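Below: one structure in structure tokens.
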Amino acid sequence: MRHNLTDEKLFQPINRNPKSVYNRVVDEIKKSIFEGKMSPGDRLPAERELAEMLGVSRTSVREALKMLAVEGLVSIRHGQGAFISEQDPDEYLKRFASHLPVNQDTVLDLFEVRKVLEPQTARWVAERGSQSAIQELASMVTTTREQLGRLRSGRLSLLAGHDSNFHYHLALATGNAVLVRLMHSMLDLLADSRSRSLAIPGRGERSVDEHYEIVQAILRRDAEAAAIAMLHHLEDVEKQVAAAWKA
């Protein structure tokens, strides 16, 4: 049966409610800070520039900044602009982890997909990854472990950045362009699950140790061990995140 497009609306406008727009702007700014793209004390882009970047109106940006200011996550200085609040970096990121909107079902669905996709990713890198790409992964893990040994603050920012880079560069090392695009598409969802896991004391450091085990298997070109180590890592994170929700 053909639809008469003059009698009914086949599609509804996206973001009809302005509130949904500025809530999404808030979420984008929070994720950018949590991923280390901006740090405490940094000045946010001007309203007009931020609106252009996000493809929204200046009114939506203004309302989003007001919401962030109420939460104490940004400070608005008259005549100067909006700035990321200056606090202890680790405490600041813990607050972000608690403020980030995270859907429990979505995160658990994501782990279900990751447990299929990423062990195979590790297997492929061990089987066919270039030596230079593998050495880059190993260097990434070693550098993070060394930095963690020296840092007393700013550890969560380091761990968040490391986790994102490790999993993305692992996909790159496969040489599979489709897999890289899939991983890139999952980055926002990964930020959601990362916010939950890094809020668990010691979880970030444990993940780096597990990344080390994955890389050691890859360096040996032991594809089976690399896949098993990755699956163990993902199951371990998922278990702790699920337990944290029940607490």
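A short reminder: the numbers here are calculations on the coordinates, not readings from a lab. The structure presented is a predicted model; accordingly, all values stated were derived computationally and were not measured. Glycine gets a Cβ as well: all are built from the backbone with ideal geometry, and neighbour counts include every protein chain shown.
State the extension gain, in nm to one decimal, for the chain segment bounded by ALA138 and LYS115, taking 0.36 nm per residue of separation less the distance between their alpha-carbons.
The ALA138-LYS115 span can extend by a further 6.1 nm.
If you don't mind, there's one more thing I want to ask. Over the alpha carbons of region 115-194, what is the largest minus smallest coordinate on each principal axis, giving the biggest first in Å?
38, 30, 18
How large is ³J(HN,Hα), in whole Hz, for each residue of region 193-198 in order, when computed from phi with the Karplus curve 6.51 cos²θ - 1.76 cosθ + 1.60 and θ = phi - 60°, using x for Gly and Pro?
Couplings: 5, 5, 4, 6, 6, 6 Hz.
While we're looking at this one, here's another question. Apply the a/c threshold of 1.5 to the C-alpha gyration tensor of region 95-246 and tell me whether it is rounded, prolate or oblate.
Oblate.
Once label points are set 7 Å from the Cα along Cα→Cβ at both TYR168 and LYS246, what is their separation, rounded to one decimal in nm?
3.4 nm
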